[in-house]
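> This is the structure, below, for whatever I ask next.
Bear in mind that the values in this text are calculations on the coordinates, not laboratory data. Computed from a predicted structure; not experimentally measured. Ideal geometry is used to build each Cβ from the backbone, glycine not excepted, and the neighbour counts take in all protein chains shown.
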Amino acid sequence: MVLLHSQVVRHPFPRSREVTALRALCAAGSAVLGFTEASEPLRPRRPVGLDVGPERPLQEAVDLPGRLEAADRTAACRPSTEARADHLCACTAGVKTLPRGCLRDGASLEETVDRILTACPQVHPLEAHRWAHGWSRPELSARIDREYEADGLLPPAMSDAELCRYEHGQRRPSDDRIDYLCRTYSTRPDRLGFGRDYSGRMLGHLESSGLQDLFPLTNSDSKTDLIQRVRDARSRITMFGLTRNFYGTDELRELFVAKSHEVPVRVFIMDPFCESRKDRYRLEPSEAAMEDPARYLREVLTPLAEAARTGGGDFKVYLFNFPCSFALEMIDDTMRVMLYGHGKRGTDGPILVFDRGSAETGPTPYWQYFEDQLAWIQRLADADEVPEPWRSKGIRVVPC
């Protein structure tokens, strides 16, 4: 039997001449024929991928020439599996190293995920979250199991293959699975690629501010955070504040000198003999107000300025003479803000840590406000003469 132009034609076993003719038709896509053993009649082969059961005659199920032509067009338009795989491998080769760089920058997990997806749009958000956390699939499976066990449920023990299908968009997890994936990653379903956020990107005010961290005051944790950020700096270090005694310690002073050979380091400190410093210390407790400017100059400021002059790097220290209500520490795309209060020592002020914002939305208003402060004082420091109206007001920023 030969399937010819969607018509089933019964035919005796063909002779060699007829076989040659039928093969020519087959090559042209006009007929499909199949052979079994010589003792059996010719039967059509079942076309792959067609749902044809015994209850549906073959001639009613398909228009094979049309299907073959459509398949040829689809195959011509679709890149090969190998080409897609090669492109994805080339794309992801460098992306998997992004989380380490983001960690050095102090980027949040959300920002890390965004950077991964921007660098390689072919990656599924679910997989990008796993990369951002630095987890393997077995580790992710174990963490999901713990979430189930915490609810008194039998853990699913998901295999690598199952997670792989989820991460490559080959299968959608159940709503229950999505819920536990969100718990594990501490995020929303739309961030994992399941569903859409129709809130118009109305984020919570803390999330939209780029606020990364908080410290109640200057303590060992805040100092460790500062030292680590300075050590990992890759583009810039700019410090501004009242006295910044911590900068004069051997550890941080030597770190500034070392980093100044890699990135520009700028430190702005209030002139210890200016009127604004006297006003500031009128608002601080007596133990802080009794600090001797000459002692500060000898033990903190002079060693810091000497290190900047002799260190051989791009390290500069400046003195300013105007009041300030906060200290600023900009390291790459992170801004640490320490508040100065009334009746409190400067080191008693809370420290807020902001990031710059995502690549999509640009700098946050909070970041922009503080960055503008530093840009303003840097312009005054770089000017040959302080411009008006600041010159008439006695504003001064000079090298130390």
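> With charges set only on the Cβ (+1 for Lys and Arg, -1 for Asp and Glu), what does the dipole of region 209-399 come to about its Cα centre, in debye to the nearest 20?
Dipole magnitude for region 209-399 comes out near 380 debye.
> Same structure again: Expressed in nm to one decimal, what extension gain is obtained for the pair Asp384 and Ser136 from 0.36 nm per residue of sequence separation less their Cα-Cα distance?
83.7 nm
> Here's a follow-up. Measure up Lys259/Lys344; Lys344/Lys393; Lys278/Lys344 against 21 Å on the Cα-Cα distance and list the ones that go over. Provide the component values of the computation, followed by the final result.
Values: Lys259/Lys344 32 Å; Lys344/Lys393 28 Å; Lys278/Lys344 15 Å.
From the list (Lys259/Lys344; Lys344/Lys393; Lys278/Lys344), the Cα-Cα distance tops 21 Å for Lys259/Lys344; Lys344/Lys393.
> Among Thr112, Thr310, what is the fewest-to-most ranking by other Cβ atoms within 10 Å?
Fewest-to-most ranking of Thr112, Thr310: Thr310, Thr112.
> In nm, to one decimal, how far is the Asp213 label point from the Arg171 one, both placed 7 Å along Cα→Cβ?
Output for this residue pair reads 4.0 nm.
> Counting other Cβ atoms within 10 Å of each Cβ, which trypsin sites (Lys or Arg not before Pro) in region 344-400 have at most 13 and sit in a DSSP loop?
Arg391, Lys393
> For Thr334, list long-range residues whose amide hydrogen, built 1.01 Å from N in the peptide plane, is under 5 Å from its own amide hydrogen.
The answer is none.
> Still on this model: Given Cβ point charges of +1 (Lys, Arg) and -1 (Asp, Glu) and nothing else, what value in debye, to the nearest 20, does the dipole of region 160-276 about its Cα centre take?
It works out to roughly 380 debye.
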